[in-house]
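The values are calculated or read from the model by the stated rules, or taken from the named source; none is laboratory data. Everything numeric here is computed off the predicted structure, so don't read it as measured data. Glycine also receives a Cβ, built like all others from the backbone with ideal geometry; neighbour counts cover every protein chain displayed.
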Amino acid sequence: MDPSLPLGSGLDAGPIVAHLMAQAGVQKVPSPKLDLFVARGFIGPDLCAALIERIDAVRRPSTIADPNGDSAFRTSETGDLFAGDPVVQAVERRLAMFTGLDPAHGEPLQGQRYAVGQEFKGHTDYFEPHGADYATYCSTAGNRTWTVMVYLNAPEAGGATRFKAVDKIVQPETGKLVAWNNRRADGSLNAATLHQGMKVRAGVKYVITKWYRELPWG
């Protein structure tokens, strides 16, 4: 198989894990509880800066599915990035080649901005099958399979991503990629992917996030 071709939705995790492990600089967190990968320098500082500009141009308050009554649960801002932008297209191509995940199964690329004191409390990225909004979000493309996130900068303090089940804290660095499989080996949803975007204590944090689905998007 041509290594530049996407391998699918990621529901069959084996080929994706193998593809990721074949990429230079990728580290897999040593835990049987989840598939979690980190790679420094995934994209360069100039591309990160261009993405930050685009996030700032379109950012709005972030939202959550199935509101839980905690108005401070997710306090960041979100920016939906234009798919026709050459900068966004360059990132999308890089993601497809690096991860092996089929861009046809990917949601549109999003950016997030966290100012001082802002956070995203512990959550999973998949949609709960019994949640009130499950049908709204999953009726067409199915549930989420993989998450790929890239830090675009390093805030002065705070802003790490914590995976409590495996006692792993990933510190933000410009261009660093973090990717994880939202499923267990048997394909079931993996609660051990619970993660927290910790509060920024000084400065501002920017990330981009790409989620992949069971079926083609849209």
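Some observations on this one:
- Look at (1) surrounded by 14 or more Cβ atoms within 10 Å (Cβ to Cβ); (2) more than 24 Å from F127 (Cα to Cα); (3) within 18 Å of the chain's Cα centre (by Cα) and you find that Q27 fails only one, number (1).
- Being free of Cβ contacts under 8 Å to residues at least 40 places away in the same chain and closer than 27 Å to G218 by Cα holds for only one residue in R59, R74, R93, R54, and it is R93.
- In the range 200-218, the residues that are buried (at least 20 other Cβ atoms within 10 Å of the Cβ) and basic (K, R): K205, K210, R213
- If the condition is being farther than 13 Å from N190 by Cα and either in contact (Cβ under 8 Å) with a residue 60 or more places away in the chain or touching a helix residue (DSSP H, G or I) at 6+ places or on another chain (Cβ under 8 Å) (or both), then the range 152-176 contributes L152, N153, K168, V170, E173, T174, G175, K176.
- When restricted to residues that are farther than 25 Å from H123 by Cα, buried (at least 18 other Cβ atoms within 10 Å of the Cβ) and either among the aliphatic types (A, V, I, L, M) or modelled with pLDDT under 95 (or both), the range 66-103 contains 3.
- Selection from the range 135-174 of residues that are among the hydroxyl-bearing types (S, T, Y) and crowded, with 16+ Cβ neighbours inside 10 Å: Y137, T145, T147, Y151, T161, T174
- Qualifying residue in the range 130-143 (condition: modelled with pLDDT of 95 or more, within 24 Å of V17 (Cβ to Cβ) and under 15 Å from the mean Cα position of the chain (by Cα)): yes
- Under the condition of being in contact with a Lys or Arg (Cβ under 6 Å, 6 or more places away or on another chain), part of a helix (DSSP H, G or I) and of a type in the set (F, W, Y), the residues counted in the range 59-108 number 0.
- Flag if D12 is modelled with pLDDT under 95, charged (D, E, K, R) and more than 16 Å from the chain's Cα centre (by Cα): yes
- For the range 30-65, the set of residues classified as touching a Leu at 6+ places or on another chain (Cβ under 9 Å), under 21 Å from F163 (Cβ atoms) and buried (at least 17 other Cβ atoms within 10 Å of the Cβ) consists of D35, F37, V38, A39, F42, listed by residue number.
- On the stretch given as the range 180-197, residues that are surrounded by fewer than 21 Cβ atoms within 10 Å (Cβ to Cβ) and either modelled with pLDDT of 95 or more or not charged (D, E, K, R) (or both) total 10.
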